[in-house]
Amino acid sequence: MTSGDDSKPLLRSDVTVELVKSSASDSDVLFAARVSTAGEQSLDELSKDPERSKGLINYLMRDRHGSPFEHNSMTFFISAPIFVFREFMRHRVGWSYNEESGRYRELQPVFYVPGESRKLVQQGRPGKYVFVEGTPAQHATVHDVLTESYEQAYAAYQKLLAEGVAREVARAALPVGLYSSMYATCNARSLMHFLGLRTQHELAKVPSFPQREIEMVGEKMEAEWAELMPLTHAAFNANGRVAP
């Protein structure tokens, strides 16, 4: 939603995930693993026996020999609410981040509101709860209250900037529903750890209960990774989505 007034917020309920750079394939896993028993090999040699290669990757995943899955790289561009990035930063091993800076550029009025499919109501106690659908009235209230809050917050931000206050100070007026953007670089092993915690899946041996918004990011990242490394992705699913 937009208006002719630039100070009015643009409201989004989605996330953006783009694979911008990668050096990642199943052969990278095989190349790293086979040095243990065969020494140096050419990549051409690795493709000569597809079934053996599939079996080796599954063995590595099943028995949790994790280091061969680190010899690759994927860089994603991600646009999502700031509260998603705060959860993202808890994943530190095997990840590198560079986020848009509110110190050096004026932040744009793009804010998150839950879509109609987003479950709104939490029932149960901490550690044992479920989310259930919200009523139409609750969805309308969330939309209206968040929109009003965003308009007020961004107006306050603009007022501080107009008074000559530094961007790094003025940004304190903005809420965590503001969209930010970042580059996130990882390898397949670190991504599998992320997906094991930040997605729900029927094949997962260990259940996880992620916040829906970071799960949306995880689902898009997984789809890109599955195209790059189909054997590794299949082995991840076949072995309960437990990272090696």
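Remarks
- Complete set of residues in the stretch 99-130 that are hydrophobic (A, V, I, L, M, F, W, C) and without any contact (Cβ under 8 Å) to a residue 40 or more places away in the chain: LEU120, VAL121, VAL130
- Among residues of the stretch 42-64 that are at pLDDT 80 or above and surrounded by 12 or more Cβ atoms within 10 Å (Cβ to Cβ), those with a Cβ under 6 angstrom from a residue that is among the polar types (S, T, N, Q) and assigned to a loop (DSSP other than H, G, I, E, B), sequence gap 6+ or separate chain, pair up as MET61/ASN239; ARG62/ASN239.
- Residue satisfying condition, being closer than 19 Å to ALA80 by Cβ, surrounded by fewer than 18 Cβ atoms within 10 Å (Cβ to Cβ) and out of contact with any helix residue (DSSP H, G or I) (no Cβ under 7 Å at 6 or more places or on another chain), within set TYR150, TYR183: TYR183
This table checks each residue for (1) among the acidic types (Asp, Glu); (2) assigned to a helix (DSSP H, G or I); (3) over 18 Å from GLU18 (Cα atoms); (4) more than 13 Å from the chain's Cα centre (by Cα).
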site: GLU202; (1), (2), (3), (4): yes, no, yes, yes
site: LYS205; (1), (2), (3), (4): no, no, yes, yes
site: SER208; (1), (2), (3), (4): no, no, yes, yes
site: GLU215; (1), (2), (3), (4): yes, yes, no, no
site: MET221; (1), (2), (3), (4): no, yes, no, no
site: TRP225; (1), (2), (3), (4): no, yes, no, no
site: ALA234; (1), (2), (3), (4): no, yes, yes, yes
site: ALA243; (1), (2), (3), (4): no, no, yes, yes
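- Of all residues in the stretch 81-138 being in contact with a Cys (Cβ under 8 Å, 6 or more places away or on another chain) and outside any loop (DSSP other than H, G, I, E, B), the one that is surrounded by the most Cβ atoms within 10 Å (Cβ to Cβ): TRP95
- Residue count for the stretch 154-180, restricted to those that are within 24 Å of VAL15 (Cβ to Cβ), in contact (Cβ under 8 Å) with a residue 24 or more places away in the chain and part of a helix (DSSP H, G or I): 3
- Odd one out for ALA140 among (1) within 27 Å of the chain's Cα centre (by Cα); (2) at pLDDT 95 or above: (1)
The values are calculated or read from the model by the stated rules, or taken from the named source; none is laboratory data. Model, not experiment: these values are computed from the prediction. Please note: Cβ atoms are built from the backbone with ideal geometry, for glycine as well, and neighbour counts cover all protein chains shown.
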